[in-house]
Amino acid sequence: MAEKVTRIGVSLEPELLDAFDRQVDRVGYKSRSEAIRDLVRASLVSEKRASDEVVIGSLTVLYNHDEVHGAEDFVDIQHQAQHESDLDVTATLHIHVDHDHCLEVVILQGRAGAIEALADKLLALKGIKHGQLVLTAVPPA
Ligand code: NI
């Protein structure tokens, strides 16, 4: 069954449309419509984040095994946040990258502000070499 859609008209300045079309080609979208749908979804997720609604976070961190495992703060902070903040630590994935380094992905569900606060605490730990939080949410369509 075909997905129900509503057509809308959008007016853009020629220069803006040219730049957008180049981006659509570069990224590999099949149509302007698909690119615009993604922009709208990203904007809706951004709004949820700004208004502290429930979102899903994936925090990726690369850390030095000895410094972070040794302190155990990385796990303790997650336990504490789950019990005291408005979020759940849904899953973690751990990979032993090499002799010294581990990669961990922590999936978090809850209020955007609580997830960002937890991510900030974890990323500030000694031994964290790099990390990034990505927030997403189920879009309306
Ligand atoms: Ni490890």
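With respect to the stated conditions, R49 fails to be open to solvent by less than 80 Å² (accessible area, probe 1.4 Å) and either among the basic types (K, R) or under 30 Å from K4 (Cβ atoms) (or both). Restricting the stretch 71-96 to residues that are over 20 Å from the mean Cα position of the chain (by Cα) and touching a residue at least 12 places away in the same chain (Cβ under 8 Å), which is nearest to the ligand (Cβ to nearest atom)? Selected residue: H96.
For the stretch 74-102, the candidate set comprises residues that are part of a strand (DSSP E or B) and under 15 Å from K121 (Cα atoms); within that set, the residue that is least open to solvent (accessible area, probe 1.4 Å) is L87.
The values are calculated or read from the model by the stated rules, or taken from the named source; none is laboratory data. This one's a predicted model, so the numbers in the text were calculated from it and none came from an experiment. Here Cβ is always computed from backbone atoms with ideal geometry, including for glycine, and neighbour counts include all displayed protein chains. Ligands, DNA and RNA are stripped out before the accessible areas are found, and what is left, the full protein with its side chains, is counted by its heavy atoms. Shrake-Rupley method; radii C 1.70, N 1.55, O 1.52, S 1.80 Å.
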